[in-house]
């Protein structure tokens, strides 16, 4: 379980790194547009993390609202696919749908990022608490 705690710590700290890294890299190479990559880097880290947690994190360690987060993420992804299809189509009004989706994602991405960081912290905290309980029980010779 201590290995899981280390992985959750890495999972949590990769998220602020994904926010700061594009700013630092952009300032080093003097390309301020790289700051716009924060959305993509944070979203990418969180999407990979979400998939890994979905398939490898046992239910007892998962935060209560992770299932809702995954559902909302799936809905945004499905709408995003429709936006891509609309962007490639020549139908009138498709540009409006794509622009509206991108504007919603600009705000929703920030909210989803904060939500995911809270989920990750809660899971990390829960795993740490379970480890301490197990160590305390072992010290008191309650568990052999």
- Residue count, segment 18-33 (criterion: more than 22 Å from residue 49 (Cβ to Cβ) and either modelled with pLDDT under 85 or touching a helix residue (DSSP H, G or I) at 6+ places or on another chain (Cβ under 7 Å) (or both)): 6
- What are the pairs, 6+ residues apart or on separate chains, where a residue within segment 96-107 that is within 15 Å of residue 78 (Cβ to Cβ) has its Cβ under 8 Å from a residue that is modelled with pLDDT of 85 or more? 97/82; 97/83; 98/83; 101/79; 101/80; 101/83; 105/76; 105/80
- Query: Taking segment 93-108 as the region of interest, how many residues are loosely packed, with under 10 Cβ neighbours inside 10 Å and at pLDDT below 85?
  - Reply: 1
- Note on the structure: Filtering helices (runs of 4 or more DSSP H) wholly in segment 1-92 for at least 2 residues that are in contact (Cβ under 8 Å) with a residue 60 or more places away in the chain and surrounded by 13 or more Cβ atoms within 10 Å (Cβ to Cβ) gives 2-28, 38-56
- Query: Out of segment 131-143, which residues are in contact (Cβ under 8 Å) with a residue 12 or more places away in the chain and out of contact with any helix residue (DSSP H, G or I) (no Cβ under 8 Å at 6 or more places or on another chain)?
  - Reply: 134
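The values are calculated or read from the model by the stated rules, or taken from the named source; none is laboratory data. Keep in mind the model is a prediction, meaning the values are calculated, not measured. Heads up, the Cβs are rebuilt from the backbone with ideal geometry, glycines too, and the neighbour counts pull from every protein chain shown.
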